[in-house]
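The values are calculated or read from the model by the stated rules, or taken from the named source; none is laboratory data. Just so you know, these numbers come straight off a predicted model, no measurement behind them. Quick reminder, even Gly has a Cβ in these numbers, built from the backbone with ideal geometry, and neighbours come from all protein chains shown.
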Amino acid sequence: MTKIIRKVTYKLYPSDSQEESLMDMLIHHHQLYNWALRDRIETYRQFHYGLSFSEQCKINTLWRSNRKQHRLLNANAQSEQVTLKRVSLAFEGFFRRLEQGDRKAGFPRFKPFQRFKGWGYKTHGDGWKLHLKEKKHGAVYLANVGIVKIRGKARNEGGIPKTAEVIRKNGEWLLSVSMEYPSIERKSGTKGIGVDWGVSHYLSTVDHDGHFEQVANPRYLSQSRERMTKLQRDLALVRKGTRHHRKLKYQLAKLHQKIARQRLDFTHKETAKLVKIAALISTEKLTVKNMTRSAKGTADKHGKMVKQKAGLNREILNTAPAMTINFLKYKAEETGIEWVMVPTQKVKPSQTCPDCGVKKKKTLAERWHSCPCGCEKPRDVASAQVNLNWALGLAVKAGNQPEKVA
Ligand SMILES: [Zn+2]
């Protein structure tokens, strides 16, 4: 049985003194990161020798044994190794890019404190321990900090916590836990389903009996978009470096977070619904072209601030297809549903008639598929059906096309 790892994020609710301790930890790991980086650079300068991860761990152990003398925080040893590993990974990435001939390989840099995100733990029970309760909110024990209240819920019960990261983001503390699940039980269905998405709807699906469904774009997007447009406009008018500017930037960051959470939730729900009824799912491969569809699509409905709105659409909507595909794919795999990716270039789902196979280009403004053969459908439903036909091997061969009606 394959094991499945999922990240679950909890929000920490530290008391004032715990907040201080968390800050001390962040400062400690930030210093450790930059010290380890400087150690590597200095050692190379003086001895032309590159320190390895395990050597840095040994050096750190020596420091740890004299920590009182050096006035160092008595932080969890494994979590320090995680930070040292991050330095090591930064160098590995640099050398790999260099080898690939990337001239702008970017030497690992010292991190300013504002950009230092947090620290991690390797083993559950070593420096951290989760205490989750059913229904009620739980808590996490963090060494040097204490027992901190948390909020958040794993999507699947019965996960075993493995590793964790404490992250500081927009003034909040988050705990991201990697949970291991022996297997996630999902029930699949019996239907063959073709999927497509576009501007007018979030998702269009059609099953092998020809029933189709269109899922509307989530409403939270239009609400958030208005607020975001306003915040961005306000921000542009305020002088940088002022308190007001900082406040607006913070509000904007919070809004981004909120949208991300809502999007995650929405995508989970919609993909789970499909997986429940499907035995086969067929969809288009994502290309740059259909990724930017939604932004361009606003062109047929000119309004105020089209450019800004298009930019926001790109930001808000365009991550949706990619995320939806990813979620659908892993859920299909977990359930044992057949997963088919249709080659867009070859099949051209948006230009092909699902009934007779005739290919005819549509402009982005054309939201309806209307074919001389009598096929009348919403555009996205038609391409969803082409995707399904291809997967089911029913694609009408070019030679079988009926004669065009003049
Ligand atoms: Zn047709």
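In table form, for the structure just shown:
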read-out: Tally of residues being closer than 17 Å to ARG40 by Cα, within 26 Å of the chain's Cα centre (by Cα), part of a loop (DSSP other than H, G, I, E, B) and not small (Gly, Ala, Ser) across region 87-112; value: 3
read-out: Residue match in region 143-160 (condition: within 25 Å of GLN262 (Cα to Cα) and either outside the structural domain of LEU51 (by TED's automatic domain parsing) or in contact with a Pro (Cβ under 7 Å, 6 or more places away or on another chain) (or both)); value: no
read-out: Any hit, region 92-104, residues being of a type in the set (Gly, Ala, Ser) and in contact with a helix residue (DSSP H, G or I) (Cβ under 8 Å, 6 or more places away or on another chain); value: no
read-out: Filter result for GLY393 (outside any helix (DSSP H, G or I) and either modelled with pLDDT of 85 or more or surrounded by fewer than 22 Cβ atoms within 10 Å (Cβ to Cβ) (or both)); value: yes
read-out: In region 199-225, residue modelled with the lowest pLDDT [restricted to those that are under 20 Å from the mean Cα position of the chain (by Cα) and not aromatic (Phe, Trp, Tyr)]; value: LEU221
read-out: Condition met for THR229 (β-branched (Val, Ile, Thr) and loosely packed, with under 15 Cβ neighbours inside 10 Å); value: no
read-out: Total residues in region 177-221, condition surrounded by fewer than 16 Cβ atoms within 10 Å (Cβ to Cβ) and touching a Gly at 6+ places or on another chain (Cβ under 7 Å); value: 1
read-out: Selection status of VAL206, β-branched (Val, Ile, Thr) and touching a Phe, Trp or Tyr at 6+ places or on another chain (Cβ under 6 Å); value: yes
read-out: Test: residue in region 314-334 that is modelled with pLDDT of 90 or more and loosely packed, with under 13 Cβ neighbours inside 10 Å; value: no
read-out: Residue count for region 357-382, restricted to those that are in a loop (DSSP other than H, G, I, E, B) and touching a residue at least 12 places away in the same chain (Cβ under 8 Å); value: 12
read-out: Test: residue in region 23-38 that is assigned to a helix (DSSP H, G or I), more than 28 Å from TYR141 (Cα to Cα) and over 31 Å from the mean Cα position of the chain (by Cα); value: yes
read-out: Number of positions in region 242-280 that are part of a helix (DSSP H, G or I) and small (Gly, Ala, Ser); value: 3
read-out: Residues within region 155-167 that are at pLDDT below 95 and either under 24 Å from ILE27 (Cα atoms) or buried (at least 19 other Cβ atoms within 10 Å of the Cβ) (or both), tallied; value: 2
read-out: Residue ID - surrounded by the most Cβ atoms within 10 Å (Cβ to Cβ), chosen from residues in region 349-390 that are among the basic types (Lys, Arg) and within 12 Å of the ligand (Cβ to nearest atom); value: LYS377
read-out: Failed condition for HIS137, given (1) in contact (Cβ under 8 Å) with a residue 12 or more places away in the chain; (2) part of a loop (DSSP other than H, G, I, E, B); (3) farther than 30 Å from PHE327 by Cα; value: (3)
read-out: Selection from region 50-73 of residues that are of a type in the set (Ser, Thr, Tyr) and under 17 Å from ALA90 (Cα atoms); value: SER52, SER54
